[in-house]
Amino acid sequence: MNSDDYLSDYWNFVDSVGNVVLIIHSAERLVNKNIELSKNDWSMILLLIGLCFAGLRAISVLRIFDTFAYLIQMLRQSLSDMVPFLLLIYLLVFLFTIIDYVMKGDNLKNAWG
């Protein structure tokens, strides 16, 4: 396996990004030991992103078991089928919001600013 194959593999990229994010979080926590984490802290956001990448990798490892392979494939297919539906719902909600403002005679400029 050469370096181009390693860098082009999706799961290697997920591992690398997750590890880098968790290392950055750990270094920040070592520097600021006595500061508590809050929900709005960027360090907490880094931790959550790193854990999401680690969870994705854990799910991919479960594919080696026959019982999980089918379930993970079904989950992947369901999520990919939901994307167009969610875009359509977003568009419809946005359009009906605009229609509501127009029907009530409200000024959109005042509503957004």
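The values are calculated or read from the model by the stated rules, or taken from the named source; none is laboratory data. These numbers come from a predicted model, not from an experiment. All Cβ positions, glycine included, derive from the backbone under ideal geometry; neighbour counts span all protein chains shown.
Going through L56, L71, L87 one at a time, which residue ends up being surrounded by 10 or more Cβ atoms within 10 Å (Cβ to Cβ), aliphatic (A, V, I, L, M) and under 20 Å from F13 (Cβ atoms)?
L56
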**Message:** Can you find a residue that is out of contact with any Lys or Arg (no Cβ under 6 Å at 6 or more places or on another chain), in a helix (DSSP H, G or I) and over 24 Å from Y6 (Cα atoms) anywhere in the range 48-56?
**Reply:** yes
**Complete:** Within the range 24-66, the residues that are modelled with pLDDT of 85 or more and β-branched (V, I, T) are I24, I49
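Conditions (1) of a type in the set (K, R); (2) closer than 24 Å to N19 by Cβ; (3) within 23 Å of the chain's Cα centre (by Cα), marked per residue:
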position	(1), (2), (3)
A58	no, yes, yes
V61	no, yes, yes
R76	yes, yes, yes
L86	no, no, yes
I89	no, no, yes
I99	no, no, no
M103	no, no, no
**Fill in**
Within the range 11-44, the count of residues that are of a type in the set (V, I, T) and either touching a residue at least 12 places away in the same chain (Cβ under 8 Å) or surrounded by 14 or more Cβ atoms within 10 Å (Cβ to Cβ) (or both) comes to 4
